[in-house]
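Colleague: This is the structure, below, for whatever I ask next.
The values are calculated or read from the model by the stated rules, or taken from the named source; none is laboratory data. This is a predicted model, so every value here is computed, not measured. Cβ: placed from backbone, ideal geometry, glycine included. Neighbour counts: every protein chain shown. We work out accessible area using only protein heavy atoms, side chains counted, and drop any ligands, DNA or RNA first. Shrake-Rupley method; radii C 1.70, N 1.55, O 1.52, S 1.80 Å.
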Amino acid sequence: MDFKNKLSQIIKKNNSLLCVGLDPEAFKIVPRKSFFEFNKWIIEQTHDLVNSYKPNTAFYEAEGIKGLEELKKTIEFLKSNHPDIPVILDAKRGDVPNTAKMYAKSVFEFWQADAVTLFPNLGFDSIQPFLEYKDKFSILLIKTSNPDSGQFQNIKTNNGKYYIAMANKIKAWQEKNFGVLVGSTYPKELAEIRKLFPGRVILSPGFGGQGAGVKESTKAGIDKSGAGIMFNASRSIIYSQDPRAAAQELRNEINLYR
């Protein structure tokens with residue numbers, strides 16, 4: 001089953017637009033657990049409340065080989081126990097075509113992720129190796145959630161702000177298996193991109209620790225069916241005293257505005 005169908009089915013099954021980021025930091029895990037044990041605990045509490053999980057590779061790479069082994073075990077656990085939930089590898093790749101081909105092989109063949117985040121700034125040929133995996137999905141960073149994203153993404157060009165000019169170029173691409181990323185910390189920009197990509201899946205980080213407004217971003221980001229988006233939250237759920245309650249509360253709040 002391809003990514004879009006898999007996502008559509010789990011959104012309906014779990015009545016959820018919530019993506020949970022699996023971003024463990026050793027010093028925050030009390031009592032001490034391995035990253036895999038911690039992730040498994042989070043998954044067991046939230047799997048019926050989410051539409052996807054998104055491990056960010058940086059948190060595992062920081063722990064060296066042991067961290068990467070924990071990431072592999074986490075993905076294998078999801079594939080074995082919750083195969084209906086998409087796994088997004090938040091790796092933010094972007095390189096020349098020959099190198100991109102190896103990144104794509106790594107993400108989709110070794111890690112067995114369903115989707116990956118990519119920088120599209122190098123142009124179509126840097127994305128094409130990922131798009132050749134037709135049942136997989138690529139998520140292109142358009143407007144990121146961080147406070148300083150506008151330093152470059154909002155630079156004015158002859159075709160509008162840089163992120164809009166880039167989005168308009170990407171809009172012309174015919175491939176079906178990609179979506180875009182827009183931070184929910186920027187609901188106005190999220191609404192702009194949704195208008196440009198009415199039928200594309202959007203990944204939208206920024207809920208929880210980054211303080212995005214749920215009502216504004218939900219209304220800005222959903223498609224005509226009231227879905228088509230994955231709102232990511234990480235720290236506010238995985239480090240809460242009750243991750244299940246935190247995930248359920250956020251899922252339900254999002255659903256109020258669909």
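Colleague: Run through every distinct alpha carbon pair of the range 194-250 and return the Kirkwood hydrodynamic radius in angstroms, one decimal place.
Modeller: 12.1
Colleague: To continue, here is another question. For n ≥ 4 DSSP H runs only, could you compute -39500 (n - 2.57) per run for the chain, divide by its residues and tell me the 222 nm figure to the nearest 500? List each step's numbers first, then the result.
Modeller: On the way: 12 runs with 114 residues, N = 258.
Per the formula, -12500 deg cm²/dmol.
Colleague: Around LEU89, which amide H atoms from residues at least 5 apart in sequence, or from another chain, sit under 5 Å from its own amide H, with H modelled in the peptide plane?
Modeller: HN-HN under 5 Å from LEU89: ASP114, ALA115, VAL116, THR117.
Colleague: Per q in 0.12, 0.13 Å⁻¹, report the Debye log10 I(q)/I(0) for the range 9-155, using one uniform scatterer on each alpha carbon and no solvent.
Modeller: The Debye formula, applied to the Cα set alone, gives -0.54, -0.64.
Colleague: Still on this structure, please answer the following. Would you mind checking which residues have amide H under 5 Å from THR144's amide H? H placed 1.01 Å from N; only 5 or more apart, or other chain.
Modeller: Amide H neighbours of THR144, under 5 Å, 5+ apart: GLY183.
Colleague: FRET efficiency for THR99 and GLU76, Cβ-Cβ distance as r, R0 = 22 Å, nearest 0.05?
Modeller: 0.25
Colleague: Shifting gears a bit: Which far-off residues, 5 or more places away or on another chain, put their amide H under 5 Å from the one on GLY179, with H placed in the peptide plane?
Modeller: Here the answer is SER138, ILE139, LEU140, since their amide H atoms fall under 5 Å of that of GLY179.
Colleague: Within 13 Å, Cβ to Cβ, of ASN255, how many net charges do the neighbouring residues add up to if Lys/Arg are +1 and Asp/Glu are -1?
Modeller: Within the 13 Å Cβ shell, the charges total +3.
Colleague: If you count only protein heavy atoms with a 1.4 Å probe, what accessible area per residue comes out for the range 1-103, rounded to a whole Å²?
Modeller: 46
Colleague: Another question, then. Relative contact order, percent, of the chain when contacts are C-alpha pairs under 8 Å separated by at least 6 residues?
Modeller: Averaging sequence separation for qualifying contacts and normalising by length gives 20 percent for the chain.
Colleague: List, in order, the whole-Hz ³J(HN,Hα) value for each residue of the range 22-35 obtained from phi through the Karplus relation with A = 6.51, B = -1.76, C = 1.60 and θ = phi - 60°; use x for Gly and Pro.
Modeller: Each residue's phi maps through the Karplus curve to give 9, 10, x, 10, 4, 6, 9, 8, 10, x, 4, 9, 5, 4 Hz.
Colleague: Give the aspartates and glutamates whose C-alpha is closer than 18 Å to that of LYS101, dropping any in the same chain fewer than 8 places away, or say none.
Modeller: Cα-Cα hits under 18 Å: ASP90, GLU109, ASP114, ASP125, GLU132, ASP135, GLU175.
Colleague: Given an 8 Å cut-off on Cα distances and at least 6 residues of separation, report the relative contact order of the range 46-192 as a percent.
Modeller: 18
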